[in-house]
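Taking it in order: structure first as structure tokens, then the write-up.
The values are calculated or read from the model by the stated rules, or taken from the named source; none is laboratory data. Model, not experiment: these values are computed from the prediction. When we count neighbours, we look across all protein chains shown, and the Cβ atoms used for this are built from the backbone with ideal geometry, even at glycine. Only protein heavy atoms, including side chains, enter the accessible area calculation; ligands, DNA and RNA are left aside. Shrake-Rupley method; radii C 1.70, N 1.55, O 1.52, S 1.80 Å.
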Amino acid sequence: MASRVLFAILIVASIWYFARTIYRRFHYKIQSIPAFPFDHPGARFWRVFLEVVLQSRVIRDRPVAGLLHALVLWGFFAFAWVSLRHMALGFRGLEAAEREESWYGLFAAAWAVAVLVGILGLTFRRFALRPKELGPLSPTSGLVSALIVLLMLTYLLGWRGFGVHTTAWRANWWVHTVSFFALLVVIPQSKHLHLALSPVAIFFRPWNTSSIRPLRAGDDDDLGIVRFTDLAPKDLLDIHACVECGRCTQVCPANLTGQSLNPKEVILQMQRGLMAGGAVISGTPEEVGRGTAWVSEEDLYQCLSCGACEEACPVGIEHVGSKILDLRRGLVSEGRTNKPKVGSLFTTMERTPHNPWGVSQETRRKFITAERFPIFDGSQEWLFWLGCGASYDPHGQEVARAMKRIFEAARVSWGVLEAETCCGEPGRRAGNEYLYLQVSEKLIEAFGQKKVKKLVTSDPHCARMFDVDYRQIPEFEGLGIRVEHHSELLARLLPSLALSPARESLTYHDPCYLARGRGITREPRSILESAGAEITEMPHHGKQTFCCGAGGAQLFIAEDVRGGEEKRVNHRRFEEVLATGAQTVAVACPYCPIMLKDAATHAGRDDIAILDIAEILARRLSG
Amino acid sequence: MKIIVCLKQVPARDSVLRIDDAQAWVRETDLSFEINEPDTYALEEGLRLKEKHGGEVVVVCAGPARAASAIREALAKGADRGIHIEDEALARLDSFTTARALAAAIRAESFDLVLTGLQSDDLGFSQTGVILAELLGAPHATIIMEVQKMEGGIKVKRELEAGWFQYVEMPLPALLAIQSGINKVRYATLMGIKKAKTKELKRVTPAELGVDLKPRQIIRRVYAPQKSKQTQFLEGPPKEVAAKLLEKLKFEARVL
Ligand code: SF4
Ligand code: SF4
């Protein structure tokens, strides 16, 4: 009887404590909207199955540690039934216990051994090998490991070690019980809460990286994220789900090149600020030093919005679109950012001709006239959106010429707008929502007037803007425009093109906004292969690609002087290009070649050809 | 300090200009307009002075109805209120008459400083500011690089030719024509736009101000310059070419 009362007290106390901790973490006043996204629920559940149950991401990036972790998790699944029966026995009283004879006992014992292997391996890694991405030693991690070891050992001992109903058996039973409840108390107070939060965060993670939410319609106070109270529920979930594994920082190009941005610390600082009852999230480094802000503006403006962190995070945290970029938006909306280059980008884009370089429209006008580009009037099938890259940059123009040749060879009906402004990409990524709304309004009007139905562009940043950002604007969504990156259209056109492929060894640089931002990695490769290319992949490719250094408006706002010895992002990427031994690097974005060219010159390797997939394809057109 | 900033709205810098039917100005349809760029530096200087010394920035614009958007932009960037002298004729009026309209509106304000841009991007006369100062009976200085407040007045830095500068001390009230590029203009913010909605934008007609807009100067004709350059290639052996060149210089170009 006494044991049952004691058991009941323990269970009530630990559940109460668990609930209280959760409440403390989540009771903040936050924005109730935007709601959690619930599109494609089947695919979302499948993602949870892959990433949580099968631990695909965890294992992908760190095979050994990932597998050890998976052993622990799978062991927990196997133990669910054991624990339930353990609880039941607690209520029924220990007198009711019987020797475990079923196959399940053996099965659980086998898993207990697996969990022991896993947890001891992980503990060894954390406390003996001490990889630097894990950060300083955490006593709680040690405690959790100890409790898990205890749980497994006591299970094994209870199963076969001691005879049922002996005193040793009883003591062992209680140690198991207390460890279990202790875990219940420790988990919500530590990063181990990811156990409960990560499946939810993974379920609700957007389909592509770096997604920026629309401002709440009709809410004049929504200026982006300024204060902790501006956070949405998913942000809160993210902030508390972090396991501090450091995967995000390990792949962050800004961090890898010696800059101060550390995506893991951005999340953890927000967690600290939230728990400490902070008000404003971001400010100058001095404000962060004084404790009146938590995330430094300097760090925010180093981000390339490349999405590598989000792609790497095993628990589904969004660092970029809903945190870093939304914090930039908060700073800019209040006019609080003091970075000169950011201000210059905005004042340049504010004025005609509304492009980030401030180059006259005349340049584009001359180009499309000289090249005899057909003007889109609504009768053609495709609007070929040049974007600022193909309008003003000499290499971008070269790509547009190649596109014309391919369009003609494939008899595609197409045209370009007489005049374009910037779609607003660098503005919105740098935090200037107002600028983006201004330019988009005019463009949407023009698209409507010209009856655009299909739009193709060689710029993945523009494609992303039109296909994701603009769709948040009802007027654009109403036009029902299909948006494609040229790699998608070209890949479809391949069968209708007469090609004379020539063998060529090259490597392909996946643009972040194409591979991670749009999920396109196969099409550019099939285009290159049809042209006869043999692709040698770089270590970072596909969805694990490494930024060229231009994203997140960095092409325009990056500071010239970067921390000391470290290499710049583009230099580092170019080293990977060189290591493949290929003479040509293929790209699929107008900004990557600018950055890579700069790196090639720096490395004295101007002999490396940097060509867009469209240029490579156009060269292999027969006749 | 109460600071008046005069703004003009001009065709956007990059516009394709077409001459209107009367052949006296550019066709305004399908043009977009923005704040005259030199005036943006005057506005920025005004806002900075206000932030430093306190006071108020009032923007005054003499222009047609479309010019209201220029004032609203200035309000969004931080000006406190706006006065729009509205009349379609103001779209292409001469400096003197425009200055009279501006003076009539500004006189009603007890100002310390009037700031203008150095010139307009469309007509480029650089006259409105100095005439306005004369009409207001205030001292003025042009091509201002720097403004410092002092006891009982201001000290300004003027840009002269060939890298020379001049420092001038002057009493207030005064008018300054600000040199372009002396400051870094601020960007428009969402918060600014939202705040601007509640700021005062007063519309007045020239008639209400008692100003007659009869122009003092009329543009008779606007036309694209005729090609006047002629290039000829002289070919042949050097000796012959030299002889031909000499002949042409003597008899055709008449420079020898
Ligand atoms: S988006 Fe890229 S640059 Fe920005 S924090 Fe993530 S990994 Fe770093
Ligand atoms: S944010 Fe994600 S990847 Fe980064 S430390 Fe936290 S859990 Fe790991």
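Figure legend. Inter-residue proximity from the stretch A:1-13: first residues more than 16 Å from A:A96 (Cα to Cα), second residues open to solvent by 70 Å² or more (accessible area, probe 1.4 Å), beta-carbon distance below 8 Å, spacing 6+ or different chains. Indicated pairs: A:A8/A:F91; A:L10/A:V178.
Listed here are the residues, each with its yes/no results for (1) open to solvent by 10 Å² or more (accessible area, probe 1.4 Å); (2) assigned to a loop (DSSP other than H, G, I, E, B).
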{"site": "A:H240", "(1), (2)": "no, no"}
{"site": "A:Q259", "(1), (2)": "yes, yes"}
{"site": "A:L274", "(1), (2)": "no, no"}
{"site": "A:G289", "(1), (2)": "yes, no"}
{"site": "A:T292", "(1), (2)": "yes, yes"}
{"site": "A:V315", "(1), (2)": "no, yes"}
{"site": "A:K323", "(1), (2)": "no, no"}
{"site": "A:R328", "(1), (2)": "no, no"}
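Among the residues in the stretch A:248-257, are any in a loop (DSSP other than H, G, I, E, B), surrounded by 24 or more Cβ atoms within 10 Å (Cβ to Cβ) and either within 14 Å of chain B (Cβ to nearest Cβ) or within 16 Å of ligand 2 (Cβ to nearest atom) (or both)? The answer is yes, given that some residue of the stretch A:248-257 is in a loop (DSSP other than H, G, I, E, B), surrounded by 24 or more Cβ atoms within 10 Å (Cβ to Cβ) and either within 14 Å of chain B (Cβ to nearest Cβ) or within 16 Å of ligand 2 (Cβ to nearest atom) (or both). Sub-8 Å Cβ pairs linking a first residue in the stretch B:166-189 that is within 14 Å of chain A (Cβ to nearest Cβ) and farther than 15 Å from B:Y41 by Cβ to a second residue that is of a type in the set (D, E, K, R) and in a loop (DSSP other than H, G, I, E, B), at least 6 apart or interchain, are B:T189/A:E334, ordered by first then second residue. For the stretch A:202-238, taking the residues that are outside any loop (DSSP other than H, G, I, E, B) and within 16 Å of ligand 1 (Cβ to nearest atom), the one that is modelled with the lowest pLDDT is identified as A:D235.
If you go through the stretch B:57-108 and keep only what is under 12 Å from B:L7 (Cα atoms), open to solvent by 40 Å² or more (accessible area, probe 1.4 Å) and not charged (D, E, K, R), you end up with just B:S69. Look at (1) more than 9 Å from chain B (Cβ to nearest Cβ); (2) of a type in the set (V, I, T); (3) more than 16 Å from ligand 1 (Cβ to nearest atom); (4) open to solvent by less than 10 Å² (accessible area, probe 1.4 Å) and you find that A:V332 fails only one, number (1). Are any of the residues in the stretch B:154-161 under 20 Å from the mean Cα position of the chain (by Cα) and assigned to a loop (DSSP other than H, G, I, E, B)? Yes, because at least one residue in the stretch B:154-161 is under 20 Å from the mean Cα position of the chain (by Cα) and assigned to a loop (DSSP other than H, G, I, E, B). Open to solvent by less than 30 Å² (accessible area, probe 1.4 Å), in a loop (DSSP other than H, G, I, E, B) and in the same structural domain as A:D598 (by TED's automatic domain parsing), is that true of A:A502? No; evaluated as a whole, the condition is false for this residue.
Check A:C309, A:C303 and return the single one that is closer than 29 Å to A:N570 by Cα and outside any helix (DSSP H, G or I). Of the residues listed, the single one that is closer than 29 Å to A:N570 by Cα and outside any helix (DSSP H, G or I) is A:C303. When the criteria are applied in full, A:A78 fails the requirement of being part of a helix (DSSP H, G or I), under 26 Å from A:V251 (Cβ atoms), in the same structural domain as A:L10 (by TED's automatic domain parsing) and open to solvent by less than 30 Å² (accessible area, probe 1.4 Å). For the stretch A:140-150, does any single residue satisfy the condition of being part of a helix (DSSP H, G or I), touching a Leu at 6+ places or on another chain (Cβ under 8 Å) and loosely packed, with under 15 Cβ neighbours inside 10 Å? Looking through the stretch A:140-150, none of the residues is part of a helix (DSSP H, G or I), touching a Leu at 6+ places or on another chain (Cβ under 8 Å) and loosely packed, with under 15 Cβ neighbours inside 10 Å. When A:E310, A:E287, A:E297, A:E318 are checked against the criterion of being outside the structural domain of A:P63 (by TED's automatic domain parsing), away from ligand 1 (no atom under 15 Å from the Cβ) and of a type in the set (D, E, K, R), a single residue qualifies: A:E287.
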